[in-house]
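Trainee: I have a structure I would like to understand better, so I am pasting it below and will then ask my questions one at a time.
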Amino acid sequence: MKSNYYIAALTLFLTLAPARNSLPAQPARATTPEIFKQFSEHVVKVEVVETGSAAKASLGTGFFADGRGRIVTNYHVISKLIHSPERYRIEITDVAGQRDVATVLGVDVVYDLAVLRSERRPKGFLTLDSKTVEQGTRLYSLGHPRDLGLTIVEGTHNGLLKHTLYPKIHFTGSLNPGMSGGPTLIQAGRVVGINVATEGNQISFLVPAERAVALLEKTASAANPNPASFLAEVGEQILANQTRYLAGMFDVSTPRVALGPYDVPTKPTEFFQCWADAVRRKELAYASVSHGCTSDDYIFVSSEQSSGIVNFFHQLLSTDELNPLRFFMLYSSQFQAANAAVFGNEEEVTPFRCQTRNVNSDTGKLKTVLCARQYLKLPGLYDAVFKAATLGSRNAGLVSTLSLSGISFDNAQTVSRRYLENIKWHR
Amino acid sequence: MAPLGYIEILDAKGHVIERHGFEAWPLNIGRAYSNQIILNDPYVCPMHLAIAPDEQGRLMARDLDSINGLRDGGAQARVPTLELQSGTQFRIGRTLLRYCSIDHPLTPTALDRSEKVSRLVSPYTSIGVGLFVLAMFCLDAYLSSIERVKFVNIISDPLPMISIVLGWAGLWALASRIVVSAFHFPQHLTIAGTAIVANTSLRVLSEWLEFLFPVVPVLWSTALFGSGVILAALVYGHLGFASPLSRRSRLWAALAISIAMVGMNAINDYAARVKFSTVMDYDGILKPVDGGFVPAVSVEQFFESSEKLKTELNKLAHKAKAAP
């Protein structure tokens, strides 16, 4: 194992040989203050500034990735400019306080990355390292948490997350708002990940450096792209990505769980987390058993829009006490309850429109509803909610809700249909 | 001596304003006091018209060289003379007249239903309707509850609604007392109770229809138009006891109020639909009925028809983008 590490290190040394000159000489085991001192000048604060008021609308971090002034940061840091290029501009500030304007060269919305370019030629830059890093490796993250100044955070590499839409490094260290887009380095000074998210309590996530390498290669020849063109590209990237994560979702191999007489789908892929609960209280004249699954991850589109969120929730209601008319009052109210949390505004999405029908499935009849709304700035993308309630029983019923965000209408139909076909019951 | 016939003065709608019998020929009509029929119309000459039989026995109206002349049957043609049959209408100046012989045919005698109606709205009927409404409210309170309910809850829940109904009938009774000098409280209570029963029945029926045929917006249309009809009937009934208006006038008043309310509701609904919302608006009514009785489409048909949803959303998006 150790010899493999040395071979890999040697290979990496040879691979990165051309870039080595741009890096200062490395001490054998640099301390944290030394790492900060050596690399802080390559890190910049990235601000999206509202042109009317000249005040910042969002804040993040970036770092120079080559000698031509290209900067890597997160897509979500500069997403306001992508959605409204006429209202914002990007400004970068280095550790010495020098400000410059930057433009966007390319974005990867799925991996939450963006490449910017400033006219300034940097004194040096950070090298991206696509090599796999061993779990437990000491990492150093740089960024501007809450605009408090450039900060270094120590942490540990804990491998790749298993349940995500796209690969993410689990970084055990405290990332905070404002550090997004900043580099996370190994002791040797090479970037292994880009700060992207945190769940608090030192649970943080990094985009693997290889994705930034891919985006840098893609934008290597980009001249001066029109900022207005990125939105269409964002839409295309999201649509293309759906093919990957929706393929096979709710197909015949989807595991099912029994809720009373009903068999319902559960955990369709690894990136779902599922929970269940039951309410049986003495004061209630009915019992409720619920089972829900949520995709662990999502793709940030804008502050009010996300893609890739798939949630579903089954609720079995039954009673031995209520007569059918009273039970169906309860059942109807649960079916009509909007238990799919949605947000959005008039500039981003249309209102919902719904279709309700009684549908004859393989195992019986259901009342089904399909509601959808369209994204205004990302044509071809929709939010959809599919609901179904089983019919026929007088003292039991199943309400099932599937919520999908940022997907094509065709995919909403296909996935909803597969979902419906996975709801089965016996009388 | 029996009259030879009658000359009737009509209003613009043809209703009789005055009726003058005459017993001898010639019959003179004009503004002068020497006429048998004196008209207070500035467009009529003092000696305007004479009516008398001619040599052939025909009854003729003759213009006495008046300034504005004699006009046929309320029409525009000015004529020097006009043969009069029973029922013939003619105009002098701006006054519409009709000649009727004493054997002029009459419409059949109308049956007076007031006694029957008053039986329907007797105090006993009011008590019966009131108890029925109370029972209906109690049943509704029981069926709407999804928790264990006590008898006292079932009785107490409808009390606010009962108070509103009594208050409503009381207000109409007060109006009756002021306008027609009689309270008619039991009658107003019966009318209000009947309207509530009709409205509840309509709601239950439309819920079932909406459940069975979700493609038809039954709830929306009955809420709008069915309630409109019930409201019109309610106002019509109340006005029957609270005003001296004729049936026709009551009908128009009831329709006007109902149309105004339905119109306002429709505008409200439209405004709510146009306004942006993140809430999903759908009717998910479920009923305890065997699946075999529920009309249903296939899964394929459901998703095929959802294409319309896509088209509608595209239109909405297009409209939103085109908006300034």
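Trainee: Over 28 Å between Cα atoms, which of A:LYS168/A:LYS387; A:LYS56/A:LYS162; A:LYS80/B:LYS321; A:LYS424/B:LYS287; A:LYS365/B:LYS308 qualify?
Mentor: Values: A:LYS168/A:LYS387 32 Å; A:LYS56/A:LYS162 36 Å; A:LYS80/B:LYS321 19 Å; A:LYS424/B:LYS287 20 Å; A:LYS365/B:LYS308 23 Å.
Exceeds cut-off: A:LYS168/A:LYS387; A:LYS56/A:LYS162.
Trainee: With +1 on each Lys and Arg Cβ and -1 on each Asp and Glu Cβ, how big is the dipole of region B:175-324 about its Cα centre, in debye rounded to the nearest 20? Walk me through the intermediate numbers first.
Mentor: On the way: 13 positive and 10 negative charges, 164 e Å.
In debye, rounded to 20, region B:175-324 gives about 780.
Trainee: Among B:VAL215, B:TRP168, B:VAL197, flag the residue with its Cα farthest along the positive direction of the charge dipole of region B:129-247, charges on Cβ as +1 for Lys/Arg and -1 for Asp/Glu.
Mentor: The residue sitting most towards the positive pole is B:TRP168.
Trainee: Roughly how crowded by other chains is peptide B:138-146, in terms of the mean Cβ count from those chains within 10 Å of each of its Cβ atoms? Could you put the intermediate results ahead of the total?
Mentor: Working: counts 0, 1, 0, 0, 3, 6, 4, 5, 14.
For peptide B:138-146, the averaged partner shielding equals 4.
Trainee: Pairwise over distinct Cα atoms, reciprocal of the mean inverse distance: report the Kirkwood radius of chain A in Å, one decimal place.
Mentor: Kirkwood radius, chain A: 23.8 Å.
Trainee: What percentage of the solvent-accessible surface of region A:216-261, computed with a 1.4 Å probe over protein heavy atoms, is contributed by carbon and sulfur atoms?
Mentor: 60 percent
Trainee: Could you tally the net charge around A:ASP112, taking each other residue with its Cβ under 10 Å from the Cβ of A:ASP112, Lys/Arg +1 and Asp/Glu -1?
Mentor: +1
Trainee: Diagonalise the Cα gyration tensor of region A:308-371 and give the resulting equivalent ellipsoid semi-axes, square root of 5 times each eigenvalue, largest first, whole Å.
Mentor: One finds semi-axes of 28, 16, 12 Å for region A:308-371.
Trainee: Just going by the charge dipole of region A:80-159, with Lys and Arg at +1 and Asp and Glu at -1 on Cβ, which of A:ILE92, A:VAL107, A:LEU142 is farthest out on the positive end?
Mentor: About the Cα centre, the residue reaching furthest to the positive side is A:ILE92.
Trainee: Additional query: Evaluate the Debye formula for region A:191-256 with equal point scatterers sitting on the alpha carbons, no solvent, and hand back log10 of I(q)/I(0) at q = 0.15, 0.20 Å⁻¹, in q order, two decimals.
Mentor: With one equal scatterer per Cα and no solvent, log10 I(q)/I(0) is -0.83, -1.06.
Trainee: Taking the Cα-to-Cβ direction at B:LEU4 and at B:SER201 and moving 7 Å from each Cα, how far apart do the two end points lie in nm?
Mentor: Label-label distance for B:LEU4 and B:SER201, simple model: 6.0 nm.
Trainee: Pop a pseudo-label 7 angstrom from the Cα along the beta-carbon direction at both A:SER306 and B:ILE162 and give the gap in nm to one decimal.
Mentor: For A:SER306 paired with B:ILE162, the spin-label model returns 5.2 nm.
Trainee: All other residues with a Cβ under 13 Å from the Cβ of B:VAL197 taken together, and with Lys, Arg as +1 and Asp, Glu as -1, what is their net charge?
Mentor: Result for the neighbourhood of B:VAL197: 0.
Trainee: To continue, here is another question. How many Cβ atoms of partner chains, on average, are near each residue of A:358-366 if near means within 10 Å of its Cβ?
Mentor: Per-residue shielding by partner chains comes out at 6.
Trainee: May I have the extent of the alpha carbons of region B:9-56 along their three principal axes, as whole Å values ordered from largest to smallest?
Mentor: So the three principal-axis extents are 35, 22, 17 Å.
Trainee: Here is a follow-up. Per Stokes-Einstein, at 37 °C and 0.692 mPa s, what whole-number D in µm² s⁻¹ belongs to region A:145-278, with the Kirkwood radius over Cα pairs as the hydrodynamic radius?
Mentor: D = 180 µm²/s.
Trainee: Tell me the volume per residue, in Å³, of the convex hull enclosing the alpha carbons of the protein assembly as shown.
Mentor: On the way: hull volume 214.6 nm³, N = 751.
For the protein assembly as shown, the hull spanned by Cα atoms encloses 286 Å³ per residue.
Trainee: Right, here's the next one. Which chymotrypsin sites (Phe, Trp or Tyr not before Pro) in region B:28-101 sit in a loop by DSSP (not H, G, I, E or B) and have at most 12 other Cβ atoms within 10 Å of their own Cβ?
Mentor: Those satisfying the criteria are B:TYR33.
Trainee: Also, quick follow-up: If you take each beta carbon of peptide A:367-375 and count the beta carbons of other chains within 10 angstrom, what is the mean?
Mentor: 6
Trainee: Please report the net charge: other residues with Cβ closer than 15 Å to the Cβ of A:GLU304, K and R +1, D and E -1.
Mentor: So the surrounding residues net to -1.
Trainee: Can I ask one more? Please report the orientation-averaged projected area of region A:70-120, defined via the convex hull of its C-alpha atoms, in nm².
Mentor: 3.6 nm²
Trainee: I want to make sure I understand the PRE zone here: with the label point 7 angstrom from the Cα of B:ASN314 toward its beta carbon, which residues in region A:352-395 have backbone N atoms less than 12 Å away?
Mentor: A:380
Trainee: I need the peptides A:75-82, A:135-142 ranked by packing, meaning the mean over residues of other C-beta atoms within 10 angstrom, with the highest value on top.
Mentor: Listed from highest to lowest mean packing, they are A:75-82, A:135-142.
Trainee: With +1 on the Cβ of every Lys and Arg and -1 on the Cβ of every Asp and Glu, and nothing else charged, how large is the dipole of chain B about its Cα centre, in debye rounded to the nearest 20?
Mentor: So the magnitude is around 640 debye.
Trainee: If you don't mind, there's one more thing I want to ask. Each label point is 7 Å from the Cα along the Cα-to-Cβ direction; what then is the distance between the points at B:SER246 and A:CYS274, in nm?
Mentor: For the pair B:SER246/A:CYS274, the computed spacing is 7.6 nm.
Trainee: With N set to the residue count of chain B, report its C-alpha Rg divided by 2.2 N^0.38 Å to two decimal places.
Mentor: On the way: Rg = 32.0 Å, N = 324, 2.2 N^0.38 = 19.8 Å.
In units of the globular-protein estimate, chain B measures up at 1.62.
Trainee: Can you give the charge dipole size of the protein assembly as shown about its Cα centre, rounded to the nearest 20 debye, using +1 on the beta carbon of Lys and Arg and -1 on the beta carbon of Asp and Glu? Spell out each step's value before the answer.
Mentor: Details: 71 positive and 65 negative charges, 174 e Å.
Its charge dipole is roughly 840 debye.
Trainee: With unit charges on the beta carbons (Lys and Arg positive, Asp and Glu negative) and the dipole taken about the Cα centre of the protein assembly as shown, which residue among A:PHE272, B:VAL129, A:LEU160 sits farthest to the positive side?
Mentor: A:LEU160
The values are calculated or read from the model by the stated rules, or taken from the named source; none is laboratory data. The shown structure was predicted, so the numbers you read here are calculated from the model rather than taken from an experiment. Glycine also receives a Cβ, built like all others from the backbone with ideal geometry; neighbour counts cover every protein chain displayed. Keep in mind that these areas ignore ligands, DNA and RNA; they rest on the heavy atoms of the full protein, side chains included. Shrake-Rupley method; radii C 1.70, N 1.55, O 1.52, S 1.80 Å.
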